[in-house]
1. Go through the residues of the stretch 108-122 one by one and say whether even a single one is loosely packed, with under 14 Cβ neighbours inside 10 Å and in contact with a Leu (Cβ under 8 Å, 6 or more places away or on another chain).
2. Is there a residue in the stretch 72-92 that is assigned to a helix (DSSP H, G or I) and more than 23 Å from residue 134 (Cβ to Cβ)?
3. Give just the number: which of (1) modelled with pLDDT of 95 or more; (2) more than 16 Å from the ligand (Cβ to nearest atom) does residue 41 not satisfy?
4. Give the residue, chosen from 170, 119, 103, that is among the acidic types (Asp, Glu), at pLDDT 95 or above and assigned by TED's automatic domain parsing to the domain that holds residue 66.
5. Could you pull out the residue among 95, 85, 89 that is more than 12 Å from the ligand (Cβ to nearest atom) and under 15 Å from residue 57 (Cα atoms)?
6. Select from the stretch 107-138 the residues that are more than 26 Å from the chain's Cα centre (by Cα) and among the aromatic types (Phe, Trp, Tyr) and list them in ascending order.
7. For the stretch 101-177, list the helices (runs of 4 or more DSSP H) that sit wholly inside it and hold at least 1 residues that are near the ligand (Cβ under 10 Å from one of its atoms); which are they?
8. Considering only residues of the stretch 57-82 that are basic (Lys, Arg) and more than 8 Å from the ligand (Cβ to nearest atom), which is farthest from residue 158 (Cα to Cα)?
Amino acid sequence: MSRGKRVRIRRRSNLLAVIAIAVTAGLLAIGIAASRSVAAGPEAARTEYLPSISDLMIATIQPRHEQLWRAGQDKNWEFASYELGNLRGAFNRLGLAHPTVHDILFPEMIASVTEKPLDELDGAIQSKDGTGFAKAYADLTSACNSCHQALNHGVVEIRVPSRTSASDLDTNRRSQN
Ligand code: HEC
């Protein structure tokens, strides 16, 4: 066999080896993809996470309730209006995420207690009325508590924050009783 022929054969067998590796890798990839798509159903269901009502309360409702108070204190009506809109949106999404609680229609319950104080807050913010804001804010805070009590979560007591504590969570009242 001439040297040139030997080199050509070696080159061809190298090429074949590369093709073989590529085909194996391809098959492997297809195999992995297929096994993934088989697993996609139950796996997708397992990883889907629906935040609970309490998760949403501390993530989307409570901080906005507190920030709204700070905006009112500083008479930053533009930010108050922005935050009020976000609080409304958060209550709407909460109702969408949890349509019922203990067989009660949650969106209806949310609307029945929050709609009036939220509208009053809106009016006070539009007219830059600090006194009206304070009253409507206190009414909204009572609405938080009325729902907590109605749904057997009266242990969660919400208050109007103060300059000494910007937190709206009242953990103190019970221990004083
Ligand atoms: C329509 C009913 C409803 C309204 C209105 C409502 N909540 Fe709640 N909230 C709940 C329920 C129900 C829970 C308890 C959920 C659980 O633990 O399963 C809760 C729990 C909480 C918690 C405790 C969460 C935790 O994990 O520690 C906080 C804080 C809270 N709410 C804040 C507020 C604030 C602030 C408002 C008013 C701006 C408000 N909520 C209005 C129904 C409501």
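The values are calculated or read from the model by the stated rules, or taken from the named source; none is laboratory data. Model, not experiment: these values are computed from the prediction. Cβ: placed from backbone, ideal geometry, glycine included. Neighbour counts: every protein chain shown.
1. No, the stretch 108-122 contains no residue that is loosely packed, with under 14 Cβ neighbours inside 10 Å and in contact with a Leu (Cβ under 8 Å, 6 or more places away or on another chain).
2. yes
3. The failed condition is (1).
4. After ruling out the rest, the residue left standing is 119.
5. Checking each option against the conditions leaves just 89.
6. Once the filter is applied, which keeps residues that are more than 26 Å from the chain's Cα centre (by Cα) and among the aromatic types (Phe, Trp, Tyr), the stretch 107-138 yields only 133.
7. 106-126, 130-150
8. Residues of the stretch 57-82 basic (Lys, Arg): 64, 70, 75.
Those left that are additionally more than 8 Å from the ligand (Cβ to nearest atom): 70, 75.
Values: 70: 15, 75: 22 Å.
Step by step, filter the stretch 57-82, then rank; the result is 75.
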